[in-house]
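Just so it is clear, none of the values below were taken in a lab; they were calculated from the coordinates. All values reported here derive from a predicted model rather than from experimental measurement. So basically every Cβ, Gly included, is an ideal-geometry build from the backbone, and we count neighbours across all protein chains shown.
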Amino acid sequence: MAQNGRTSTPRNPGAGGSGGSGKAGKAGKAGRRRVPRRVLWRRRAIALVVLAGLVVGIGWGAVLLFGVVKDSIGSPAAAQPSATPTAPSTAQPVACAPDSLTWSLTHDAGTAGAAVDFAITVTNGSELSCLVDGGAQTLVLAIVSGTDPIWSNAHCGSADPFPLLLGPGDSTERTVTWDGARSAAGCVPVESPVLPGTYQLTTSYAGIDVPAGAAVFTLN
C-alpha cells in the first residue's frame, strides 16, 4: 500500500557488490606484478657467487686436510739425511808387523817319548786387520836339552804358509804337536830316544824370538 502518494524503490544489492569485486580484482593484479629481469639476473649472480665460494672453500679445506694426513702418515718423524754409500775397500790385508803381535803359550808335557801339545795364542795389537802366518817355516818351535838339539817343527813341517786374518784386537790359537821323538833338518830320521829330563822350548816368528813362547819343562 502506498503511503503519502510515494512509492519506495528497493536498492539493488548487486550493484554495490559488483563495485567491491572490481576493486579487489585490481588489487590482486597489482600484487602479482612480474619482477624485472635485471633483478632476477642480479639475484642469480649473487647465488652463483655464494655457491662458488662454498665450493672453493670446501676444496681448499679438503686439500689442507689431505696434506696434514699425508704428513702425519708419511713423515712421522723429521726426515733424516740419507747416508752416502761408500765404495768397499779393495785393499788387500798385509802381514802383521811382528812388533804389533802379542803371544802366550800353554803345554801339556809330562812323559818322555809321548806326544806334547804346545798351544800358542797370538793377538793383533794394531788398529788394522792383518795376516799372521802360522806355517811351520815362519812360526818355528824348537826344543833343546842343554846344548843338544832335540826337535823343531821346521824340520819336517810344510813349506807352505798358513795365513790367518786377524782384525784389530783379535786373537787366534795355533796348536803345534811334538810327537816326542828327535828330529833333524831335512826331516832325517834320528834313532836316539828322548830320555826323561829337563827340556827347553823356544819360539820364533819370522826369524824374531818370541819371549812369551819360551818354556822350560820336565819329562818323566
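If you take the charge dipole of the stretch 104-220 about its Cα centre, with +1 on Lys and Arg Cβ and -1 on Asp and Glu Cβ, which of Thr198, Ile120, Pro168 is farthest toward its positive end? Farthest towards the positive end: Thr198.
Phi-derived couplings, Karplus 6.51 cos²θ - 1.76 cosθ + 1.60 at θ = phi - 60°, listed residue by residue for the stretch 103-110: 10, 8, 9, 9, 8, 10, 4, x Hz, with x used for Gly and Pro. Sequence-ordered 3J(HN,Hα) estimates for the stretch 205-220 from the Karplus curve with 6.51, -1.76 and 1.60 and θ = phi - 60° stand at 10, 6, x, 10, 4, 10, x, 5, x, 9, 7, 10, 9, 10, 9, 8 Hz, glycine and proline given as x. Summary of packing: across the peptides 188-196, 175-183, 204-212, 130-138, the per-residue average of other C-beta atoms within 10 Å ranks them, highest first, as 130-138, 175-183, 204-212, 188-196. Based on alpha carbons, the Rg and Dmax found for the stretch 94-219 are 14.9, 48 Å.
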